[in-house]
Amino acid sequence: MRVACPTQDDADALSTIARKSQIPVIADIHFQPKYVFAAIEAGCAAVRVNPGNIKQFDDKVKEIARAAKDHGTPIRIGVNAGSLDRRLLQKYGKATPEALVESALWEASLFEEHDFRDIKISVKHNDPVVMIEAYTQLAAQCDYPLHLGVTEAGPAFQGTIKSAVAFGALLSQGIGDTIRVSLSAPPAEEVKVGLQILESLNLKQRRLEIVSCPSCGRAQVDVYKLADEVTAGLEGMEVPLRVAVMGCVVNGPGEAREADLGVASGNGKGQIFVKGEVIKTVPESKIVETLIEEAMKIAEQMEQDEQDGAASGAPTVTGKPEVTVS
Ligand code: SF4
């Protein structure tokens, strides 16, 4: 969890937050180098600094490196297109991928001079194309862990798409160790989007997955409504269940058979599939409640199997890098 620290009051609160938080706290330092020391002293799991918005940061690197080393605190160097060093802005004319990378590696080199390498780097930009290029160049030039972000990605819809496109391009190449989704929306939404991106890339075990058709001229049921009702009814389900909601009996059964649970609708009825077999046919009005009922039974069985140490049949993530949302 990232905690912004732009004032002395925030710096003073860090030790309490770090102590009481059940997940690691990353302090996000603004303006004053003294807050960096406060965050390290407070026992934060890591400290994020944006050299472009901290006064006389470069002069303080020696002391910061010493304090961070003494406390075993990693430092994230967060270069941001919006606060790029003036010297580099003049050199490149704008926040190009090269400018972002040069800035990050310059700051990293200041820490390296003091034999400090417990570093993670981000080079965020609001344009996914620039951002992808910057991280690609950075990954080719250093071995530090990279924190991915499309900064100021916009309102939820646009920001989700920009982030998914950029993270997908990079993570599928093995570039990126942690991610942050930046939306003009409540942070909880950012976390949900981030988790969904990781699940879509199979970098995190998938939970509930609704496979629903787009509907077409063959549809014999209101697929949108059905998919929405099933999704709402299964919200919060943690097991990796794949549920297919299909609008007809022409193409529907194929997808429904592939899922853990599915329905192929037609003629006012729904064929209910469990693990590839039709277990019953119910009237259209009973499709949602039947799917939810069957989903609960399968989920219970999966949980039981997991407790028994048996294979649950879920998609497993093996040999993949661990990427976290922060
Ligand atoms: S499953 Fe049937 S209704 Fe849905 S898109 Fe395919 S053909 Fe159309």
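At a threshold of 8 angstrom on Cα-Cα distance, excluding pairs fewer than six apart, so keeping six or more, what relative contact order does segment 80-194 reach in percent?
Numbers: 174 pairs, mean separation 25.3, N = 115.
Contact order relative to length: 22 percent.
Evaluate E = 1/(1 + (r/R0)^6) for Ala188 and Glu63, where r is the Cβ-Cβ distance and R0 equals 30 Å; express this FRET efficiency to the nearest 0.05. Walk me through the numbers before you get to the answer.
Working: r = 36 Å, r/R0 = 1.21.
Computed FRET efficiency for Ala188 and Glu63: 0.25.
The value of relative contact order for the chain, using C-alpha pairs under 8 Å at least six residues apart, is 10 percent. Karplus-derived 3J(HN,Hα) values for segment 195-208, using 6.51 cos²θ - 1.76 cosθ + 1.60 with θ = phi - 60°, are 5, 5, 4, 5, 5, 4, 8, 6, 8, 9, 4, 5, 9, 4 Hz; glycine and proline are entered as x. Our summary gives segment 1-51 a relative contact order of 41 percent, counting only alpha carbon pairs under 8 angstrom and 6 or more residues apart. Centre-to-centre, using Cα atoms only, segment 161-240 and segment 1-67 are separated by 33 Å. Taking amide H as placed 1.01 Å from N in the peptide plane, the amide H of Leu208 sits under 5 Å from that of Leu241, each at least 5 places away or on another chain. Of all lysines in the structure, the ones whose alpha carbon falls short of 28 Å from that of Lys124, not counting any fewer than 8 places away in one chain, are Lys34, Lys55, Lys60, Lys62, Lys69, Lys91, Lys94, Lys162, Lys192, Lys204, Lys320. Computed from the alpha carbon positions, the gyration tensor of segment 19-160 leads to an equivalent ellipsoid with semi-axes of 24, 18, 14 Å, biggest first. Applying the Karplus relation 6.51 cos²θ - 1.76 cosθ + 1.60 with θ = phi - 60° to segment 169-186 yields 3J(HN,Hα) values of 4, 7, 5, 5, 9, x, 9, x, 10, 9, 10, 9, 9, 10, 10, 7, 7, x Hz, where x marks Gly and Pro.
Please work out whether segment 144-269 counts as rounded, prolate or oblate from its C-alpha gyration tensor, where a ≥ b ≥ c are the square roots of the eigenvalues and a/c under 1.5 means rounded, while otherwise a/b larger than b/c means prolate and anything else oblate? Write down the numbers at each step before the final one.
Numbers: a/c = 2.48, a/b = 2.10, b/c = 1.18.
Because a/c hits 1.5 or more and a/b exceeds b/c, segment 144-269 counts as prolate.
Computed over the chain, the per-residue total of -39500 (n - 2.57) for DSSP H runs of n ≥ 4 gives a 222 nm mean residue ellipticity of -14000 deg cm²/dmol, rounded to 500. Between the beta carbons of Ala4 and Val278, assuming R0 = 35 Å, the FRET efficiency works out to 0.05 to the nearest 0.05. For Arg48, the residues whose amide H sits under 5 Å from its own are Ala27, Asp28, Ile29, Arg76, ignoring neighbours fewer than 5 places away on the same chain, with H placed 1.01 Å from N.
What residue among Asp177, Asp85, Asp228 has the largest mean-square fluctuation in a Gaussian network model of the chain, using Cα springs under 10 Å? Evaluated over the chain, the most mobile residue of the options is Asp228. Between Asp12 and Asn267, the contour length at 0.36 nm per residue exceeds the alpha carbon distance by 85.2 nm.
Taking the convex hull of the alpha carbon positions in the chain and averaging its projected area over all directions gives 19.7 nm².
Quick one: accessible area per residue over the chain, 1.4 Å probe, rounded to a whole number of Å²? Working shown, then result.
Working: 16230 Å² over 326 residues.
Normalised by residue count, the accessible surface of the chain is 50 Å².
Charge dipole (Cα centre; +1 on Lys/Arg Cβ, -1 on Asp/Glu Cβ; no other charges) of segment 120-263 amounts to roughly 120 debye.
The values are calculated or read from the model by the stated rules, or taken from the named source; none is laboratory data. The model shown is predicted, which means the values in this text are computed figures rather than measured ones. All Cβ positions, even for glycine, are placed from backbone atoms using ideal geometry, and neighbour counts span all protein chains on display. For the accessible areas, the whole protein counts, side chains as well, though only heavy atoms, and no ligand, DNA or RNA atoms are used. Shrake-Rupley method; radii C 1.70, N 1.55, O 1.52, S 1.80 Å.
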